[in-house]
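Have a look at the structure below, then the notes.
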């Protein structure tokens, strides 16, 4: 039975960045193993809905580390390998092919799986969900033959995919159940700005429009909506969220609640077992309570942090949530958590492509969105959120004054 001092279950971004951190921590060849259900070495996920989907990046471009990295450092990577059982007391995992692996320390990095639509016609060809490199490759290939696309969802994945498909020349319609773009995060003014920007580039919108059915003769041709309309499509991409991949951990003694619950050190309640990335519901020492984050920055940092903790560090994971996005020729960044905010302040102008939005909770900064603004805004946003900086809304809104003088 293969045995590892450190075993990573999952082959995504957490695994890729954790592997690098393990090497930096001085592990020996043969001590680290990675079991991945994917058919590719760990790769960056943001390009799947950006540069790779658009055809600007290759599979080699998006690898977190070259194949030689794993060989040089004696890291065993098992691809196309699905774990079907974890036995914490025996410290073993068993795969669907019957192989067993023993570990001293296990990092669970199984990520999340896409939510799927359960409506008539949902199994027709041409309907896609974007989670893996293989998914992105198929969507990219089909987009070369398609002429009309429907993108379902109103969040960042749907926004990125819609912008890429529109730029590739497809007639693109965004369909969402909400009444505006990314209602969970954007203010009404932000949603209106992005809708106008997309419409100016040919994207159509159907809001308050749940999908009720797909129709077509073997392949999707039309999407039926709850508002009574029908959107023609020969390519559909649904970006309607994900759920943490925890099924294999049921009845193992691990606490599962919106993911695998871990403490501020990314430790589960079972000694020697850790979790990181999309699957981890971790204790947030900055904001309080527990948090599960589904973005690139969190996967990178938690993968690195888990490796350091597993090799002897005893620092809590402390991070201001962050993500970035590219939509057409726009690039923007976001930090923090808008949930506790009681006020949002706009700095700049929605009539231009340069503005920032700052969310306050009783006068203290808890979140910020920045697009095409001076560098100091990008630098101060995470710093002030971390410090829970108290700042006057009027000073934030006055874009004629440097932010540091606020």
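Could you list, in sequence order, the residues of the range 149-171 that are part of a strand (DSSP E or B) and more than 22 Å from residue 132 (Cα to Cα)?
Result: 171, single match.
Working only within the range 88-137, note down all residues that are loosely packed, with under 14 Cβ neighbours inside 10 Å and in a helix (DSSP H, G or I).
The answer is 134, and nothing else.
Working carefully through the options 124, 107, 117, find the one that is touching a residue at least 40 places away in the same chain (Cβ under 8 Å) and in contact with a helix residue (DSSP H, G or I) (Cβ under 6 Å, 6 or more places away or on another chain).
Only one candidate qualifies: 107.
May I ask you to list the residues in the range 277-293 that are on the phi < 0 side of the Ramachandran plot and either surrounded by fewer than 19 Cβ atoms within 10 Å (Cβ to Cβ) or out of contact with any helix residue (DSSP H, G or I) (no Cβ under 8 Å at 6 or more places or on another chain) (or both)?
Residues satisfying the conditions are 279, 281, 283, 284, 285, 286, 287, 290, 291.
Take the range 191-220 and flag every residue that is over 24 Å from residue 327 (Cβ atoms) and not in a loop (DSSP other than H, G, I, E, B).
212, 213, 214, 215, 219 - these are the residues of the range 191-220 that are over 24 Å from residue 327 (Cβ atoms) and not in a loop (DSSP other than H, G, I, E, B).
Here is a list: 193, 198. Which entry is surrounded by 15 or more Cβ atoms within 10 Å (Cβ to Cβ) and within 23 Å of residue 227 (Cα to Cα)?
198
Scan the range 256-271 for residues that are in a loop (DSSP other than H, G, I, E, B) and either assigned by TED's automatic domain parsing to the domain that holds residue 156 or surrounded by 19 or more Cβ atoms within 10 Å (Cβ to Cβ) (or both) and report the count.
Selection size over the range 256-271: 3.
Taking residue 274, is it assigned to a strand (DSSP E or B), free of Cβ contacts under 8 Å to residues at least 60 places away in the same chain and in contact with a helix residue (DSSP H, G or I) (Cβ under 9 Å, 6 or more places away or on another chain)?
It is false that residue 274 is assigned to a strand (DSSP E or B), free of Cβ contacts under 8 Å to residues at least 60 places away in the same chain and in contact with a helix residue (DSSP H, G or I) (Cβ under 9 Å, 6 or more places away or on another chain).
Being more than 15 Å from the chain's Cα centre (by Cα) and not assigned by TED's automatic domain parsing to the domain that holds residue 394 is true for just one of 341, 306, 280. Which residue is that?
Step by step, each of 341, 306, 280 is checked, and only 306 is more than 15 Å from the chain's Cα centre (by Cα) and not assigned by TED's automatic domain parsing to the domain that holds residue 394.
Just to be sure before I move on: is residue 154 under 25 Å from residue 13 (Cβ atoms) and either modelled with pLDDT of 95 or more or crowded, with 22+ Cβ neighbours inside 10 Å (or both) in the structure I sent?
yes
Return only the number of the condition from (1) assigned to a loop (DSSP other than H, G, I, E, B); (2) in contact with a strand residue (DSSP E or B) (Cβ under 6 Å, 6 or more places away or on another chain) that residue 253 does not satisfy.
(2)
Out of the residues in the range 2-36 that are at positive phi and touching a strand residue (DSSP E or B) at 6+ places or on another chain (Cβ under 8 Å), which is surrounded by the fewest Cβ atoms within 10 Å (Cβ to Cβ)?
30
Which of the residues belonging to the range 355-406 are in contact with a helix residue (DSSP H, G or I) (Cβ under 7 Å, 6 or more places away or on another chain) and part of a helix (DSSP H, G or I)?
Answer for the range 355-406, where residues must be in contact with a helix residue (DSSP H, G or I) (Cβ under 7 Å, 6 or more places away or on another chain) and part of a helix (DSSP H, G or I): 376, 377, 380, 403, 404.
Considering only the range 325-354, state which residues are touching a helix residue (DSSP H, G or I) at 6+ places or on another chain (Cβ under 8 Å) and either in a strand (DSSP E or B) or farther than 21 Å from residue 200 by Cβ (or both).
325, 326, 327, 330, 333, 335, 336, 343, 345, 346, 347
Among the listed residues 85, 102, 78, 94, identify the single one that is under 25 Å from the mean Cα position of the chain (by Cα), within 25 Å of residue 4 (Cα to Cα) and not assigned by TED's automatic domain parsing to the domain that holds residue 204.
After ruling out the rest, the residue left standing is 78.
Could we say that residue 301 is over 17 Å from residue 7 (Cα atoms) and crowded, with 17+ Cβ neighbours inside 10 Å here?
Yes, satisfied.
If residue 223 passes every condition in (1) assigned by TED's automatic domain parsing to the domain that holds residue 280; (2) in contact (Cβ under 8 Å) with a residue 24 or more places away in the chain; (3) outside any helix (DSSP H, G or I) but one, which one does it miss?
(1)
Out of (1) in contact (Cβ under 8 Å) with a residue 12 or more places away in the chain; (2) more than 25 Å from the chain's Cα centre (by Cα); (3) exposed (fewer than 15 other Cβ atoms within 10 Å of the Cβ), the odd one out for residue 394 is which?
(1)
Does residue 33 qualify as being assigned by TED's automatic domain parsing to the domain that holds residue 278, outside any loop (DSSP other than H, G, I, E, B) and touching a residue at least 12 places away in the same chain (Cβ under 8 Å)?
For residue 33, the condition - assigned by TED's automatic domain parsing to the domain that holds residue 278, outside any loop (DSSP other than H, G, I, E, B) and touching a residue at least 12 places away in the same chain (Cβ under 8 Å) - is met.
The values are calculated or read from the model by the stated rules, or taken from the named source; none is laboratory data. Computed from a predicted structure; not experimentally measured. Here Cβ is always computed from backbone atoms with ideal geometry, including for glycine, and neighbour counts include all displayed protein chains.
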